Amino acid sequence: MGGFFGAVKKTDAVFDVFIGTDYHSHLGTKRGGMAAYDGKTGLQREIHNIENAPFRTKFEKVVSEMHGTAAIGCISDTDPQPLLMVSKVGTYAICTIGIINNTEEIMKEVLGHGGYFDAMTGTKVNANEIVAALINSKENYVEGIRYAQQRIVGTASILLLTDRGTIIAARDKMGRLPIHLGVSGEGYCASFESFAYRKLGYSDLRELGPAEIVEISASGVATLSPAGKEMRICAFLWSYYGYPTSSYEGVNVEVMRCKNGEIFAKNDAKTHDVHEIDYVGGVPDSGTPHAIGYANACKVPFARPYIKYTPTWSRSFMPVNQTERNKVAKMKLIPVHEFIEGKRLLLVDDSIVRGTQLKETVDFLYSHGAKAVHMRSACPPIMYGCKYLNFSRSSGDMDLITRRTMMELEGEDAVKYVEEYADSNTARGKAMRKAICDKFQFESLEFQSLEGLIEAIGIEPCKLCTYCWTGKE
């Protein structure tokens, strides 16, 4: 995934951007970067690898070395950014969030017109450079960004720092990702996460609409291109990767998760008896509020049967190597024996993707004396790898535990019956759940329904992207 933060102030903006960007560290662990504009120095840029150290540690010195009344920063799980560009539309720094699925097509077009790209290791081209090439092919920023929005298959939210000391922010074409605007007595800011600027003394101004382009200065925000009418914001923002204190389209993440758990429990009670369960717990961290809502609704005590040890392994995405990730995941789990030994537990996770770490967790609980472990997923069965964002490390649909299990049950024909497998009321749905239970030693397994998830979010279904569950665009 990734996140960004930018600010334009009457005074120096670098410290605000340093803190604001650091507040996006939950969205990526690969690269961090900052750029600033100062009237005397011009554009400055710094990029660091943050795989083995957090953003704040790597960029503490930058705060005293970089200066400017306008600055942008980003956390990236993909390419190094921001990049500095010199072109006919202007000199600027650029950072983006999202994924480009038609990279080769765009590169062929640009190269065919005499353009070129700087290649990274393995001749891979930085996604920001591809976006910049599209922008640079037009006569000005607005035309260029509109063209990029039109040409890119996937998602690209854009933050540009210009050599005029302003920031241009553009939300992706379908609004799958958020961009919030904040205001203070000193200036304005743009941010993926709204809480990031509230902690810095900014108040909410508004959210950008899909495809909307604005220019931000210290004196105000000017609309350069209006918002589109169609939106497909990612529903997974609320389920998993959004920060608890954030709100998207006016809906707070933590509130949605608690409500989601309540709805789930009420629906789950129609087919599952939870009277013999001793405790409801959440798979930390994002599963916890879903579990609290579930526990409150079903009147079973909430407890934390294990705690994640995070002082030295604070970031769940690292290390990159999967074998090492599994080891680290196991190292993090510290049991609370009184809540495990001889107990029947019901765990709520935010989602079940590959199931690898979840199996480790359940094995861990049984090894410490759990009598039974029931599993609940706070979102529907994930049936399709996301093609709009890069928050999942799945390389294909067969990485998903649901699709692998379906294949094992019915072979290649299983894909014809995805909707039946997703539905717990059908024979195929029950067979898939039982097969996963047998693999992972779950006493029972259930998923939140798509209708329940949408109800918890409270936004019109037509405005939500639910592709990973339905395969429908």
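The values are calculated or read from the model by the stated rules, or taken from the named source; none is laboratory data. Bear in mind that the values here come from a model prediction, so they are computed numbers and not experimental data. For neighbour counting, all protein chains shown are included, and Cβ atoms are generated from backbone atoms with ideal geometry for every residue, glycine included.
Take the conditions small (Gly, Ala, Ser), under 23 Å from Gly228 (Cα atoms), in contact with a Lys or Arg (Cβ under 8 Å, 6 or more places away or on another chain) and assigned to a helix (DSSP H, G or I) and apply them to Gly144. Does it pass?
Working: small (Gly, Ala, Ser): yes; under 23 Å from Gly228 (Cα atoms): yes; in contact with a Lys or Arg (Cβ under 8 Å, 6 or more places away or on another chain): yes; assigned to a helix (DSSP H, G or I): yes.
In short, yes.
Tell me the strands (runs of 3 or more DSSP E) entirely within the stretch 211-298 that contain at least 3 residues that are of a type in the set (A, V, I, L, M, F, W, C) and over 12 Å from Val348 (Cα atoms). Give the steps one after another, and end with the answer.
Values: elements: 213-217, 220-225, 279-282.
Once the strands (runs of 3 or more DSSP E) in the stretch 211-298 are filtered for at least 3 residues that are of a type in the set (A, V, I, L, M, F, W, C) and over 12 Å from Val348 (Cα atoms), what remains is 213-217, 220-225.
Does the stretch 187-208 hold any residues that are more than 22 Å from Leu224 (Cα to Cα), in a loop (DSSP other than H, G, I, E, B) and either at pLDDT below 95 or not hydroxyl-bearing (Ser, Thr, Tyr) (or both), and which are they?
Glu193, Lys199, Leu200, Gly201 - these are the residues of the stretch 187-208 that are more than 22 Å from Leu224 (Cα to Cα), in a loop (DSSP other than H, G, I, E, B) and either at pLDDT below 95 or not hydroxyl-bearing (Ser, Thr, Tyr) (or both).
Show the residue pairs meeting these rules: Cβ distance below 6 Å; 6+ apart or different chains; first residue within the stretch 33-61 and under 18 Å from Gly2 (Cα atoms) and part of a strand (DSSP E or B); second residue of a type in the set (Asp, Glu) and modelled with pLDDT of 90 or more.
Cβ pairs passing all conditions: Met34/Glu46.
Is one or more of the residues making up the stretch 371-390 among the polar types (S, T, N, Q) and either over 16 Å from Asp285 (Cα atoms) or in contact with a Lys or Arg (Cβ under 6 Å, 6 or more places away or on another chain) (or both)? Full working, then the answer.
Just the residues of the stretch 371-390 that are among the polar types (S, T, N, Q), to begin with: 377, 390.
Filter once more, so that each one left must be either over 16 Å from Asp285 (Cα atoms) or in contact with a Lys or Arg (Cβ under 6 Å, 6 or more places away or on another chain) (or both): 390.
So far as the stretch 371-390 goes, yes, one or more of its residues are among the polar types (S, T, N, Q) and either over 16 Å from Asp285 (Cα atoms) or in contact with a Lys or Arg (Cβ under 6 Å, 6 or more places away or on another chain) (or both).
I'd like to verify a number: residues in the stretch 299-314 that are in contact with a Lys or Arg (Cβ under 8 Å, 6 or more places away or on another chain) and assigned to a loop (DSSP other than H, G, I, E, B), how many?
Within the stretch 299-314, the subset in contact with a Lys or Arg (Cβ under 8 Å, 6 or more places away or on another chain) is 305, 308-310, 313.
Then drop every residue that is not assigned to a loop (DSSP other than H, G, I, E, B), which leaves 305, 309-310, 313.
Residues meeting the conditions: 4.
Do the conditions hold for Gly458, that is, is it in the same structural domain as Thr271 (by TED's automatic domain parsing), in contact (Cβ under 8 Å) with a residue 60 or more places away in the chain, small (Gly, Ala, Ser) and over 20 Å from Val353 (Cβ atoms)? Show your work before the answer.
Working: in the same structural domain as Thr271 (by TED's automatic domain parsing): yes; in contact (Cβ under 8 Å) with a residue 60 or more places away in the chain: yes; small (Gly, Ala, Ser): yes; over 20 Å from Val353 (Cβ atoms): yes.
Answer is yes for this residue.
List the residue pairs whose Cβ atoms are under 9 Å apart, where the first residue sits in the stretch 194-216 and is outside the structural domain of Val17 (by TED's automatic domain parsing) and hydroxyl-bearing (Ser, Thr, Tyr), the second is part of a strand (DSSP E or B) and modelled with pLDDT under 95, and the two are 6 or more positions apart or on different chains.
If the second residue must be part of a strand (DSSP E or B) and modelled with pLDDT under 95, no pairs are left.
The conditions are (1) under 18 Å from Val214 (Cα atoms); (2) surrounded by fewer than 18 Cβ atoms within 10 Å (Cβ to Cβ), and Thr103 fails exactly one of them. Which is it?
Only one criterion in (1) under 18 Å from Val214 (Cα atoms); (2) surrounded by fewer than 18 Cβ atoms within 10 Å (Cβ to Cβ) is unmet by Thr103, namely (1).
Condition check: over 22 Å from Phe192 (Cα atoms), small (Gly, Ala, Ser), more than 20 Å from the chain's Cα centre (by Cα) and surrounded by fewer than 16 Cβ atoms within 10 Å (Cβ to Cβ). Does Gly90 satisfy that?
Numbers: over 22 Å from Phe192 (Cα atoms): yes; small (Gly, Ala, Ser): yes; more than 20 Å from the chain's Cα centre (by Cα): yes; surrounded by fewer than 16 Cβ atoms within 10 Å (Cβ to Cβ): no.
Criteria not met by Gly90.
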